[in-house]
Ligand SMILES: CC(C)(COP(=O)(O)OP(=O)(O)OC[C@H]1O[C@@H](n2cnc3c(N)ncnc32)[C@H](O)[C@@H]1OP(=O)(O)O)[C@@H](O)C(=O)NCCC(=O)NCCS
């Protein structure tokens, strides 16, 4: 059984390993296989996002962390920075439950939308988020999406394969 709760500072240490494990999924995609060996978000960055109050973790019956979602409120929108589920725990509904936890929280805070950037054609990216109610949006719609895509371009991500998505609440 999996449970979802708000992340605490103690969770930050386990999060880089979860992201590293989750990235194994990209080995199946030849032109994105490099992501599996790319650097992951630091423990310090996770700790900083947890401090802002919009980060969730999933854990299994033995209390081991299996996944996380980190986000940040900007201009009344909950922007999702990263979501990862351990490779041996994927496709069990944890990702969907993490999104649901974030959405419940955003609704309770009366935020107007949730947003993210992701790969357009990777099955567990844009098509998955579309199945959670997100829609493709012009990044000019919202400055955080525009600046995030620009930072991704500068970091060397293949920007033509990225898209911006939003879910109005
Ligand atoms: C995205 C991610 C967090 C989803 O977590 P998850 O626990 O596997 O998600 P769920 O089980 O709730 O649903 C996953 C859905 O994505 C799609 N999906 C996931 N993996 C897939 C695969 N290998 N092939 C095809 N579709 C896949 C399916 O639609 C699946 O739903 P289904 O199993 O009901 O068909 C996880 O795949 C992951 O960590 N990926 C690597 C990191 C990443 O891409 N993060 C997102 C960055 S924007």
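For the residues 82, 110, 43, a GNM of the chain with alpha-carbon springs under 10 Å puts the largest fluctuation on 110. Summed over qualifying helices (DSSP H, 4 residues or more, each -39500 (n - 2.57)) and divided by its residue number, the chain shows a 222 nm mean residue ellipticity of -9000 deg cm²/dmol. Size of the stretch 3-168 from its Cα atoms: along the principal axes, largest to smallest, the extents are 43, 41, 29 Å. Pairwise inverse Cα distances across the stretch 65-105, averaged and inverted, put the Kirkwood hydrodynamic radius at 10.8 Å.
Rounded, prolate or oblate for the stretch 73-169? Axes are the square roots of the Cα gyration tensor eigenvalues, ordered a ≥ b ≥ c, and the cut-off for rounded is a/c under 1.5.
Working: a/c = 1.80, a/b = 1.06, b/c = 1.70.
Taking the square roots of the gyration eigenvalues as a ≥ b ≥ c, the stretch 73-169 is oblate.
Contact order, relative form, for the chain: 19 percent (alpha carbon pairs under 8 Å, 6 or more residues apart, mean separation divided by residue count).
Considering only 78, 98, 145, the Gaussian network model of the chain with Cα springs below 10 Å gives its largest mean-square fluctuation to 145.
Using Cα springs under 10 Å in a Gaussian network model of the chain, which residue among 32, 116, 65 shows the largest mean-square fluctuation? Evaluated over the chain, the most mobile residue of the options is 32.
Each reported figure results from applying straightforward, stated rules to the coordinates on display, with no laboratory input. Predicted model, so just to flag it, every value in this text is computed and none were measured.
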